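Read-outs: derived from the displayed coordinates by stated rules, not from any lab. The model shown is predicted, which means the values in this text are computed figures rather than measured ones. Glycine also receives a Cβ, built like all others from the backbone with ideal geometry; neighbour counts cover every protein chain displayed.
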């Protein structure tokens, strides 16, 4: 237990250290573009699009088509967007955030009761990143990770008992988010000229699409210019929905530059993941992104990854979207094989400067 507690980033951050351990320091080629996140957020330039979903299922076909078109453009050009008027009550979102913040405010010893054990394959629970590359680099975050939907696949025994409403609010948020995922997947399907239910069916449908919640906790960092909360990656999911505590940190690699996402009140940030990029034959983008940390404020984010089943579905470009002029950009793989391919490739290649 003691060795595990010592490895928590929160323990390091609260120990009074002035400099971070070397395994958290990013390689030299990355350090040239890690800036102060509060200054970065103020910069002018390209902005992550904001999509108003109020009319996504309007009975008026013209109004509905206009909403679909803005969603399609954002999915093609950015692969990430702020969703407003998404239909999930703000009160529920506030309660979800409060529950997560309350859990992370517990003493570390209390949180350790929910510790995961990645090496033995027990990935759900409270954890910190294990080094998964030759350099032994680590990310400046702790997290809590667990499956939240479908309800019959959950393991409630590892869900936090404190606060006492954690299970209730998290379950309700997952249910409502699953409905939103159906709406988004339906609109994205129609925008590709497919039947409305096609993409949802291709990622597993109501029975097999898994919603995995990861609450990311980024403690204050004494040397934020040397570290990353999350290193550069694209999401393997079909869609990812992200809430945060209004502290900036997310950066997107857009047109050769790192762009900092501004904090948009009452929004849910949504990423198109690799799975949808593959099915759409690259028409929708899975954007490279990373997380910065800072020395002033703790950042917390709630990411829900909508993942297809690992083995049951072969992911490949849909035949309707493959032509002689636009051949298949991705080979057929299961979701599990795609993850392995990415891990292997990551050990072979660097990330953009």
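Answer rounded, prolate or oblate for the stretch 24-348, using the Cα gyration tensor with square roots of eigenvalues a ≥ b ≥ c: rounded when a/c is under 1.5, else prolate when a/b is larger than b/c, else oblate. List each step's numbers first, then the result.
On the way: a/c = 1.35, a/b = 1.25, b/c = 1.08.
Rounded, since a/c falls under 1.5.
Rounded to the nearest 0.05, what FRET efficiency do residue 11 and residue 44 give with R0 = 41 Å and r taken as the Cβ-Cβ distance? Could you check? Mind dumping the intermediate values first?
On the way: r = 39 Å, r/R0 = 0.95.
It comes out at approximately 0.60.
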> What FRET efficiency would be calculated for the residue pair residue 172, residue 320, taking the C-beta separation as r and a Förster radius of 41 Å, to the nearest 0.05?
Replying inline: 0.65
> Out of 101, 255, 151, any idea which swings most in a Gaussian network model of the chain, alpha carbons joined below 10 Å?
Replying inline: 255
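Could you sort the peptides 187-193, 203-209 by per-residue average Cβ neighbour count (10 Å cutoff), highest mean leading?
Values: 187-193: 19.9, 203-209: 17.4.
With the highest mean Cβ count within 10 Å placed first, the list reads 187-193, 203-209.
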> Between residue 122 and residue 328, what FRET efficiency follows from the Cβ-Cβ distance if R0 is 35 Å, with the result rounded to 0.05?
Replying inline: 0.40
> Under a plain spin-label model, where a point goes 7 Å from the Cα along Cα-to-Cβ, how far apart in nm are residue 153 and residue 28?
Replying inline: 4.5
> To the nearest 10 degrees, how steeply does helix 335-348 sit against the main Cα axis of the chain, on a 0 to 90 scale?
Replying inline: 60
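Assign one of three labels to the stretch 249-323, namely rounded, prolate or oblate, based on the Cα gyration tensor with a ≥ b ≥ c the square roots of its eigenvalues; rounded applies when a/c is under 1.5, prolate when it is not and a/b is larger than b/c, and oblate otherwise.
Details: a/c = 2.80, a/b = 1.90, b/c = 1.48.
It comes out prolate by the Cα gyration axes.
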> In whole angstrom, how long is each semi-axis of the equivalent ellipsoid of the stretch 1-118, when you take the square root of 5 times every eigenvalue of its Cα gyration tensor and sort them from largest down?
Replying inline: 40, 24, 13
> Where does helix 166-191 land angle-wise versus the long Cα axis of the chain, in degrees 0 to 90, nearest 10?
Replying inline: 40
> Which distance in nm do the two modelled labels at residue 161 and residue 62 give, with both placed 7 Å along the Cα-to-Cβ direction?
Replying inline: 6.0
> Rounded if a/c is under 1.5, else prolate if a/b is larger than b/c, else oblate: which is the stretch 75-191, with a ≥ b ≥ c the root eigenvalues of its Cα gyration tensor?
Replying inline: oblate
> Each label point is 7 Å from the Cα along the Cα-to-Cβ direction; what then is the distance between the points at residue 91 and residue 343, in nm?
Replying inline: 4.4
> Between the helical axis of 61-77 and the dominant principal axis of the chain, each derived from Cα atoms, what acute angle in degrees is found, rounded to the nearest 10?
Replying inline: 50
